[in-house]
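Shown next, in structure tokens, is the structure this report addresses.
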Amino acid sequence: MMRKALARSVLCGLLVLAAQTASAIDACVHNANGALRILPPDGQCRNNEVAIELAAPQAPTGISKAVHGSVGFGAGGITTSGSGFSLDHTLNTGHYGIHFDTAFDVAPHCLVNAEFFSPCVGTSATPERLAVECATYVPAEGSSGPFIAIRLVDQPFQFLCVQE
């Protein structure tokens, strides 16, 4: 299990490095423990290693426009990061409007991510705006069973909207 986690973290690092260099990366894999070692331009693998070449990842195709960002809460109130949007939080608790600086040609495909037990969802998307609603689940008042009520809450979330 530890070996797989190490391999994943090394691979993620390699993908970042490959994206920065835009060419193949030469590396060596240790025969006994699977450790990965990146070679310098003129480097060679050792006797107990196998040479591999990792191709640089290609840029995604088919996406003509993307807007992404995050909404958070701090001591100073609501904070945002990202680009290409402005936030409208003058609505009720748990309701947000993400206004795109430049409209999409058509309604974009959007993903919204927040904590598992207090999800946020994109309730509707138009070329100009994404509506987001965040809630938490609580036991229904007076219930003795697993009945759940939904309560809207303000909470941090991230979003990504793309146009193909």
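Pairs of Cα atoms nearer than 8 Å and 6+ residues apart set the relative contact order; for region 65-163 it is 32 percent.
For HIS99, neighbours were defined as the other residues whose beta-carbon sits under 14 Å from its Cβ, and their charges (Lys and Arg +1, Asp and Glu -1) total -2. A simple rule links phi to the HN-Hα coupling: the Karplus curve 6.51 cos²θ - 1.76 cosθ + 1.60 with θ = phi - 60°, which for region 74-90 gives x, 4, x, x, 6, 10, 10, 9, x, 8, x, 8, 10, 10, 10, 10, 7 Hz, with x for Gly and Pro. Residue order for LEU54, LEU152, fewest other beta carbons within 10 angstrom first, comes to LEU152, LEU54.
Every read-out reported here was derived from the displayed coordinates using simple, explicitly stated rules and does not represent laboratory data. Quick caveat: nothing in here was measured; it's all calculated off a predicted structure. Cβ sites come from the backbone with ideal geometry, for glycine too, and all protein chains shown count toward neighbours.
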